[in-house]
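Chemist: So that we are looking at the same thing, I have put the structure below in structure tokens.
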Amino acid sequence: MKFSFKNDYSEGCHPNILKALAEHNLDQQAGYGEDLYSLEAKALIKEKIAGPDSEIYFVSGGTQANLIVISSVLRPYQCAVSASTGHILNNETGAIEATGHKILSIEKADGKLTPEDIIPVLENHRNVPHQVMPKMVYISNSTELGTIYTLKELEELSTFCKEKSLYLFMDGARMGHGLTSEISDLTLEKVAELTDVFYLGGTKNGALIGEAIVINNRELQQDFAFNIKQKGALLAKGRLLGIQFLELMKNDLYFDLAKHANSQAMKMKNAMKERGVQFLSDTYTNQIFPILSHDLIEKLSEKFEFYVWKKIDEHFSAVRLITSWNTNDEAVNSFIEIITKEL
């Protein structure tokens, strides 16, 4: 069987979660997220974000989280602004558009948005009431290209959004990886302080399934539970999600798992950099995008699974390699061994 660097959810879940699910399997609990495990997990998240007034909602996946948040927050004539690489644009089968909301795309090589990027979009949508109204800025941390926002960048974006009456929504499918990057100066507390809504991704960081939506803007909290139910996301056995996030939040397991994934990716990145490999973007999370010859890609494909991300020319392509909470040294060392031999 090949080692997989295709995604960070190839495995099931961390053993602590399986153990907890088995231990509490026959406990009788209230449904729909009112079980003791969900309530305790929400309390832990509020503690970690220093946000006692934030509201937490558990859903099963990232696309579901994005769809529910955006369709719930925006009025029918309002739209979201996203980098062209955003998950809502490229990986969700038009889920946002299907709810009646347009996405305005901004081309960004690094996958990150700045106030300067958004200003022209606002200026080009002043023909009131004949155009959609930009109302939400959608960002990801880490981004779909593995890049991250610095504290200064997020502060500037947050201030801009407040000045322009825009909601700031952070997709946190890989939040753990972004915050534990060796170059990150951003904290979970600051994310909560500077965004209206964000979510903690569990699916890509040790959970079986699950994302924790965190609503910091009290205005947006009102009636949000109705949207969860209406979109089919309110699990009767909410304990399934609550138990997982309780385990992930205990003793910072969530961040330890992400840190491990980042570390394994950096070992591979550094080994390739030492041999002169160029990268599509300079990342410090669990996603790396080396530019390799087609011959080397073919050689690596014999032992590893990964995506060929972008063709550079007739001889080279960028590939995407993703490490997970469970990527072991054998896989990483085997990859480095081939790189060392072939370059």
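The values are calculated or read from the model by the stated rules, or taken from the named source; none is laboratory data. These figures come from a predicted structure and were not determined experimentally. Quick reminder, even Gly has a Cβ in these numbers, built from the backbone with ideal geometry, and neighbours come from all protein chains shown. The area values use the complete protein model at the heavy-atom level, side chains included, leaving out ligands, DNA and RNA. Shrake-Rupley method; radii C 1.70, N 1.55, O 1.52, S 1.80 Å.
Chemist: Looking at LEU296, is it assigned to a helix (DSSP H, G or I) and either buried (at least 19 other Cβ atoms within 10 Å of the Cβ) or touching a residue at least 12 places away in the same chain (Cβ under 8 Å) (or both)?
Modeler: So LEU296 fits the description; yes.
Chemist: With the checklist (1) more than 24 Å from the chain's Cα centre (by Cα); (2) among the aliphatic types (A, V, I, L, M); (3) within 26 Å of ALA225 (Cα to Cα); (4) open to solvent by 60 Å² or more (accessible area, probe 1.4 Å) in hand, flag the one item ALA22 doesn't pass.
Modeler: (3)
Chemist: Out of (1) among the charged types (D, E, K, R); (2) out of contact with any helix residue (DSSP H, G or I) (no Cβ under 8 Å at 6 or more places or on another chain); (3) open to solvent by 40 Å² or more (accessible area, probe 1.4 Å); (4) not in a loop (DSSP other than H, G, I, E, B), the odd one out for LYS48 is which?
Modeler: (2)
Chemist: If a residue counts only when it is of a type in the set (Val, Ile, Thr), which helices (runs of 4 or more DSSP H) contained entirely in the stretch 108-218 have at least 3 such residues?
Modeler: Result: 115-123.
Chemist: For the stretch 116-138: of the residues being touching a Phe, Trp or Tyr at 6+ places or on another chain (Cβ under 8 Å) and either of a type in the set (A, V, I, L, M, F, W, C) or surrounded by fewer than 17 Cβ atoms within 10 Å (Cβ to Cβ) (or both), which is farthest from ASN217 (Cα to Cα)?
Modeler: So, considering only residues that are touching a Phe, Trp or Tyr at 6+ places or on another chain (Cβ under 8 Å) and either of a type in the set (A, V, I, L, M, F, W, C) or surrounded by fewer than 17 Cβ atoms within 10 Å (Cβ to Cβ) (or both), the one farthest from ASN217 (Cα to Cα) is PRO129.
Table: residues versus (1) open to solvent by 20 Å² or more (accessible area, probe 1.4 Å); (2) of a type in the set (Val, Ile, Thr); (3) more than 16 Å from ALA258 (Cα to Cα); (4) touching a residue at least 60 places away in the same chain (Cβ under 8 Å).
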residue	(1), (2), (3), (4)
SER158	no, no, yes, no
LYS164	yes, no, yes, no
GLY176	no, no, no, yes
THR187	yes, yes, no, no
VAL191	no, yes, yes, yes
GLY202	no, no, no, no
LEU208	yes, no, no, yes
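Chemist: Checking GLU97 against (1) in a loop (DSSP other than H, G, I, E, B); (2) open to solvent by 40 Å² or more (accessible area, probe 1.4 Å); (3) more than 30 Å from ASP185 (Cβ to Cβ), which single condition isn't satisfied?
Modeler: (1)
Chemist: So in the stretch 281-293, with the set limited to residues that are at pLDDT 95 or above and surrounded by fewer than 20 Cβ atoms within 10 Å (Cβ to Cβ), which one is farthest from GLY176 (Cα to Cα)?
Modeler: It comes out as SER293.
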